[in-house]
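Right, one structure below, let's go through it.
The values are calculated or read from the model by the stated rules, or taken from the named source; none is laboratory data. Keep in mind the model is a prediction, meaning the values are calculated, not measured. Backbone-built Cβ (ideal geometry, glycine too); neighbour counts: all protein chains shown.
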């Protein structure tokens with residue numbers, strides 16, 4: 001696969017940088033050694049440096065490098081053991097040797113080949129010179145390689161802590177900018193707004209650049225996998241081939257660190273439980289060697305990673321049986337569960353206990369841990385399995401951990417931040433009467449959500465104790481691991497990008513807070529820890545009253561997928577499949593920049609193209625009732641994915657999320673509209689996003 | 001001789017070596033922390049770092065002054081840990097002779113005894129020097 005060569009190129013580059021550093025070290029140490037020939041330390045250092053170059057050189061089949069460094073090692077071991085006394089000739093030979101290595105490296109960098117240097121001859125020249133103080137011929141004057149090549153000159157090694165500190169400071173800058181942005185709105189000085197806007201762009205740019213600096217290709221993480229797969233397959237008497245695709249996809253270093261274990265786990269699982277033995281594969285008409293594929297790619301601001309095998313797939317019956325045995329699902333639910341739902345049961349903690357593994361021919365070893373770890377960093381994991389054809393895990397991982405989007409909510413006049421990663425949806429509770437939405441079942445609060453019962457945790461109650469008249473007005477539907485619950489809060493205040501700051505030691509034992517942050521107005525607020533909230537609220541992972549998966553099938557299946565309902569400029573109703581929506585933002589129109597005929601918003605991951613629905617879909621009614629926007633300087637933007645790129649669609653208002661889109665539709669009456677339906681008594685146009693954006697108005 | 005930074009809880013004078021005091025803040029805005037131990041008065045922002053404010057009055061068993069703002073904070077650093085100590089009033093820096101330090105008075109409230117290292121008699125008052133490690137170990 002071409003991937004391997006790509007990976008190799010990356011590794012060779014690293015090898016070049018590392019080797020140049022080692023050669024520099026050799027020269028430095030040789031000079032020290034010349035002054036003090038009896039010192040053992042420089043000798044060991046030089047030996048180690050040659051040894052490292054030799055080892056990696058051999059790995060890449062670089063014969064010339066190996067010959068040269070082997071001679072170096074040989075000489076050094078004799079010096080170390082006292083079989084040879086150090087004299088000037090030794091130093092000269094070793095220096096000439098390192099120059100030779102440099103020449104080969106240089107050629108390797110320029111042409112990918114080891115080049116014309118006759119290393120055998122060089123070694124032959126050097127040997128007598130090194131071995132006796134007055135032996136051999138003087139060194140040839142045209143000894144190769146004078147200058148270090150480009151790759152070492154254009155890169156710089158920086159300690160991760162330095163980048164971390166820088167990231168911290170940029171976090172501060174983001175907070176300061178947020179603060180200024182809020183204050184600038186009140187300023188009478190006309191010069192302030194543009195200056196603050198500029199600061200805004202520069203900050204966003206800095207944040208981006210630094211984030212890029214911390215990005216590392218995922219291939220670094222994959223490097224150990226071929227060996228792991230091979231060893232494991234041999235130990236299990238299986239044959240496995242590993243295919244890696246997209247190793248150049250980049251992720252923040254700290255994110256890479258935190259997905260290392262889950263990834264290893266999934267790959268191990270694929271070999272151990274996924275692939276069958278050669279005989280079984282043969283019987284199933286498959287090639288004896290199983291395939292394990294890793295694929296990584298970038299889409300919509302997150303990194304996707306797939307780990308798939310072509311094994312037997314999950315044993316759904318065994319999982320169903322096990323889940324029943326363990327009381328994780330009710331018998332009725334077991335009947336109704338779709339295969340996809342059953343497959344998802346592997347993430348339940350109960351299924352992964354040790355005795356379950358032996359009797360279960362499918363997987364389930366600590367997959368709940370994988371899920372929890374991935375979700376801890378704001379990612380998600382899904383499983384798909386086709387019996388007899390294999391199983392695949394799909395991970396979505398955020399690019400960075402340093403700055404995260406959060407929802408600011410309030411309780412008793414105090415604000416709290418909730419990370420958006422676990423947030424599934426927001427529900428407005430009907431004012432005054434929480435009882436209308438939230439019901440009580442034997443003292444436990446539940447919320448009916450699409451026919452499914454969701455346990456409800458009241459933020460006020462968790463933080464301040466019971467309160468009879470809870471003024472909760474909004475419900476956050478949160479998910480962490482297998483647990484899904486609703487968090488009732490007084491108000492939703494805002495969304496904001498926050499920087500997580502640790503709490504002092506006196507507060508470390510509070511598992512309710514993940515940390516604290518400073519909001520744009522300078523206030524310090526606590527960041528709620530979603531698992532901690534679930535614990536405090538007594539939300540069990542597999543509460544029979546609200547199973548994570550089991551009774552989902554009991555709910556009447558909504559016709560089609562959920563849609564986002566919006567209002568156009570003339571109050572016309574428009575809808576978009578929710579699966580296409582990345583996030584909703586409110587932006588200031590002043591922040592838009594015109595580039596040619598496009599409007600661009602400086603956004604988290606870079607420039608975001610903004611298209612205005614007004615331009616794409618001109619007024620549809622002559623007698624349009626023009627709505628004056630609440631705030632003419634602001635626009636609601638629906639960030640969607642189209643053609644792999646995020647695009648912001650500016651709409652007039654965002655109304656709601658609807659689950660049921662009637663099946664009886666009428667074809668759309670104009671380009672960019674897929675069909676027309678009646679939703680809540682209003683004619684609603686279902687937008688065809690790709691057609692809309694590809695249309696003449698969409699791509700000017 | 002050593003120099004102590006002094007402060008008041010009620011009418012009692014407490015002190016810490018000047019070296020362990022990083023700075024003094026007049027009255028930072030505190031964010032209360034629900035469910036925190038009672039001696040935690042809140043958290044505040046010091047140049048981007050979130051510090052815990054330890055209510056010294058509660059620690060030494062005095063009745064804390066009811067007030068909504070944080071009041072003065074003595075920011076102390078010990079090792080990697082930095083905390084704010086909420087006090088009623090900040091006093092002067094006093095020079096004391098460490099050789100003449102006395103053990104804390106026996107009739108001191110047990111809560112205070114747990115965090116007081118030694119006592120220094122000044123001509124006009126008694127200074128109780130706090131043990132910063134003990135305060136940081138509170139939980």
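Return the total of residues in the stretch A:465-507 being under 19 Å from residue A:535 (Cα atoms), within 14 Å of another protein chain (Cβ to nearest Cβ) and modelled with pLDDT of 85 or more.
Of the residues in the stretch A:465-507, 2 are under 19 Å from residue A:535 (Cα atoms), within 14 Å of another protein chain (Cβ to nearest Cβ) and modelled with pLDDT of 85 or more.
Is at least one residue of the stretch A:395-405 within 30 Å of residue A:288 (Cβ to Cβ) and touching a strand residue (DSSP E or B) at 6+ places or on another chain (Cβ under 6 Å)?
Taking the stretch A:395-405 as the starting set, the residues that turn out to be within 30 Å of residue A:288 (Cβ to Cβ) are A:395.
Narrowing further to those that are touching a strand residue (DSSP E or B) at 6+ places or on another chain (Cβ under 6 Å): A:395.
Looking through the stretch A:395-405, at least one residue is within 30 Å of residue A:288 (Cβ to Cβ) and touching a strand residue (DSSP E or B) at 6+ places or on another chain (Cβ under 6 Å).
From the set of residues in the stretch A:532-544 that are in a loop (DSSP other than H, G, I, E, B) and buried (at least 20 other Cβ atoms within 10 Å of the Cβ), which is farthest from the other protein chains (Cβ to nearest Cβ)?
Taking the stretch A:532-544 as the starting set, the residues that turn out to be in a loop (DSSP other than H, G, I, E, B) are A:537-544.
After this cut, where a residue has to be buried (at least 20 other Cβ atoms within 10 Å of the Cβ) as well, the list is A:537, A:539, A:542.
Details: A:537: 13, A:539: 17, A:542: 27 Å.
By that ranking, first place goes to A:542.
Can you pull out the residues in the stretch A:229-258 that are outside any loop (DSSP other than H, G, I, E, B), surrounded by fewer than 20 Cβ atoms within 10 Å (Cβ to Cβ) and more than 23 Å from the chain's Cα centre (by Cα)?
Those that are outside any loop (DSSP other than H, G, I, E, B), surrounded by fewer than 20 Cβ atoms within 10 Å (Cβ to Cβ) and more than 23 Å from the chain's Cα centre (by Cα): A:230, A:231, A:232, A:234, A:235, A:236, A:241.
Can you find a residue that is within 14 Å of chain A (Cβ to nearest Cβ), without any contact (Cβ under 8 Å) to a residue 24 or more places away in the chain, out of contact with any helix residue (DSSP H, G or I) (no Cβ under 7 Å at 6 or more places or on another chain) and within 30 Å of residue A:463 (Cα to Cα) anywhere in the stretch B:33-41? Step through it out loud before you land on a result.
Within the stretch B:33-41, the first condition is being within 14 Å of chain A (Cβ to nearest Cβ), and the residues that meet it are B:33-41.
Right, trim to without any contact (Cβ under 8 Å) to a residue 24 or more places away in the chain and you get B:33-36, B:38, B:40.
Adding the requirement that they be out of contact with any helix residue (DSSP H, G or I) (no Cβ under 7 Å at 6 or more places or on another chain) leaves none.
Checked against the condition, which is being within 14 Å of chain A (Cβ to nearest Cβ), without any contact (Cβ under 8 Å) to a residue 24 or more places away in the chain, out of contact with any helix residue (DSSP H, G or I) (no Cβ under 7 Å at 6 or more places or on another chain) and within 30 Å of residue A:463 (Cα to Cα), the stretch B:33-41 yields no hits at all.
Please verify whether residue B:25 is surrounded by fewer than 23 Cβ atoms within 10 Å (Cβ to Cβ), away from chain A (no Cβ under 14 Å), under 20 Å from residue B:78 (Cα atoms) and modelled with pLDDT of 90 or more, treating the condition exactly as stated. Walk me through how you get there before you give the answer.
On the way: surrounded by fewer than 23 Cβ atoms within 10 Å (Cβ to Cβ): yes; away from chain A (no Cβ under 14 Å): no; under 20 Å from residue B:78 (Cα atoms): yes; modelled with pLDDT of 90 or more: yes.
No, not satisfied.
Check whether at least one residue in the stretch B:83-93 is loosely packed, with under 14 Cβ neighbours inside 10 Å, closer than 18 Å to residue A:515 by Cβ and within 12 Å of chain A (Cβ to nearest Cβ), and report yes or no.
Looking for residues that are loosely packed, with under 14 Cβ neighbours inside 10 Å, closer than 18 Å to residue A:515 by Cβ and within 12 Å of chain A (Cβ to nearest Cβ), one finds none in the stretch B:83-93, hence no.
I need the full set of residues from the stretch A:410-428 which are within 27 Å of the chain's Cα centre (by Cα), assigned to a strand (DSSP E or B) and within 25 Å of residue A:563 (Cα to Cα), in order please. Spell out how you get there, then give the answer.
Let us first name the residues in the stretch A:410-428 that are within 27 Å of the chain's Cα centre (by Cα), namely A:416-426.
Pick out the ones that are also assigned to a strand (DSSP E or B) and you get A:416-419, A:423-426.
Listed by number, the residues that qualify are A:418, A:419, A:423, A:424, A:425, A:426.
Of the residues A:254, A:315, only one is touching a residue at least 12 places away in the same chain (Cβ under 8 Å) and more than 30 Å from residue A:403 (Cα to Cα); which? It would help to see each step written out before you state the result.
Values: A:254 fails: more than 30 Å from residue A:403 (Cα to Cα).
Just one listed residue meets the conditions, A:315.
In the stretch A:80-97, which residue that is touching a helix residue (DSSP H, G or I) at 6+ places or on another chain (Cβ under 6 Å) and more than 29 Å from residue A:112 (Cα to Cα) is surrounded by the most Cβ atoms within 10 Å (Cβ to Cβ)?
Within the stretch A:80-97, the match that is surrounded by the most Cβ atoms within 10 Å (Cβ to Cβ) is A:90.
Pull up the stretch A:180-222, narrow it to residues that are crowded, with 16+ Cβ neighbours inside 10 Å and either assigned to a loop (DSSP other than H, G, I, E, B) or within 14 Å of another protein chain (Cβ to nearest Cβ) (or both), then point me to the one that is nearest to the chain's Cα centre (by Cα).
It comes out as A:218.
All but one of (1) under 17 Å from residue B:5 (Cα atoms); (2) buried (at least 16 other Cβ atoms within 10 Å of the Cβ); (3) in contact (Cβ under 8 Å) with a residue 60 or more places away in the chain hold for residue B:75; which doesn't?
(3)
Name the residue that is modelled with the lowest pLDDT, counting only residues in the stretch A:508-531 that are facing another protein chain (nearest Cβ under 7 Å) and either in a strand (DSSP E or B) or in contact with a helix residue (DSSP H, G or I) (Cβ under 6 Å, 6 or more places away or on another chain) (or both).
Residue satisfying both the conditions and the ranking: A:518.
Considering only helices (runs of 4 or more DSSP H) fully contained in the stretch A:15-132, which possess at least 2 residues that are within 27 Å of residue A:223 (Cα to Cα) and at pLDDT 85 or above? Break it down stepwise before answering.
Details: elements: A:40-59, A:63-80, A:88-111, A:119-131.
Helices (runs of 4 or more DSSP H) meeting the threshold: A:40-59, A:63-80, A:88-111.
Out of curiosity, is residue A:162 more than 14 Å from chain B (Cβ to nearest Cβ), at pLDDT 85 or above and under 36 Å from the mean Cα position of the chain (by Cα)?
Considered against the rule, which asks whether it is more than 14 Å from chain B (Cβ to nearest Cβ), at pLDDT 85 or above and under 36 Å from the mean Cα position of the chain (by Cα), residue A:162 comes out as yes.
Only one of B:77, B:113 is closer than 26 Å to residue B:41 by Cα and within 14 Å of another protein chain (Cβ to nearest Cβ); which?
B:77
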